[in-house]
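The values are calculated or read from the model by the stated rules, or taken from the named source; none is laboratory data. Given the structure is predicted, the values throughout are model-derived calculations rather than measurements. Glycine also receives a Cβ, built like all others from the backbone with ideal geometry; neighbour counts cover every protein chain displayed. The accessibility values were calculated without ligands, DNA or RNA, using every heavy atom of the protein model including side chains. Shrake-Rupley method; radii C 1.70, N 1.55, O 1.52, S 1.80 Å.
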Amino acid sequence: MKTIITLETMTFHAFHGVMEQERIIGGTYLADVSYAVETDAAETDNLADTINYAEVFEIVKTEMAIPSRLIEHVAGRIMKSIATSFPQINDLSVKISKLTPPLDGEVEKVTVELQQNC
């Protein structure tokens, strides 16, 4: 059975940005990851029959801790690491949002989303 699992609004303080101050002070980032996998876990109630979302969270947490200039790069690293760790994933989406980006105007957040059909 096709199962879609989504980790929503994971929140991190991280040091990404083109501007030097962003890499020193850091900022708040949101991450969403969604993936599809063929699984019988809905019937078996067995963790071994699905992809453990706690493991996916740890991948995101690890990659968010590595400073990058662009959130596109962060999202790409997360996507590559998840896809490599779990080749049974069929579809994968990674979304990274930077809250209050340093722009000459009021902007709540800027978001990058990468999608991959594995």
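Inclusion of Ile51 among residues that are without any contact (Cβ under 8 Å) to a residue 40 or more places away in the chain and of a type in the set (Val, Ile, Thr) is not warranted.
Number of residues in region 103-118 that are assigned to a loop (DSSP other than H, G, I, E, B) and open to solvent by 90 Å² or more (accessible area, probe 1.4 Å) equals 4. For region 16-39, the set of residues classified as over 17 Å from Asp91 (Cα atoms), open to solvent by 70 Å² or more (accessible area, probe 1.4 Å) and without any contact (Cβ under 8 Å) to a residue 60 or more places away in the chain consists of Val18, Glu20, Arg23, Ile24, Ile25, listed by residue number. Can Thr84 be described as farther than 23 Å from Asn117 by Cβ and open to solvent by 70 Å² or more (accessible area, probe 1.4 Å)? Considered against the rule, which asks whether it is farther than 23 Å from Asn117 by Cβ and open to solvent by 70 Å² or more (accessible area, probe 1.4 Å), Thr84 comes out as no. For region 51-95, a residue qualifies if it is closer than 16 Å to Gly26 by Cβ and of a type in the set (Asp, Glu), and exactly one does: Glu63. Check off (1) free of Cβ contacts under 8 Å to residues at least 40 places away in the same chain; (2) open to solvent by 70 Å² or more (accessible area, probe 1.4 Å); (3) charged (D, E, K, R) for Arg77 and give me the number that stays unchecked. All conditions are met except number (2).
For region 43-58, filtered to residues that are out of contact with any strand residue (DSSP E or B) (no Cβ under 7 Å at 6 or more places or on another chain) and aliphatic (A, V, I, L, M), the residue that is most open to solvent (accessible area, probe 1.4 Å) is Leu47.
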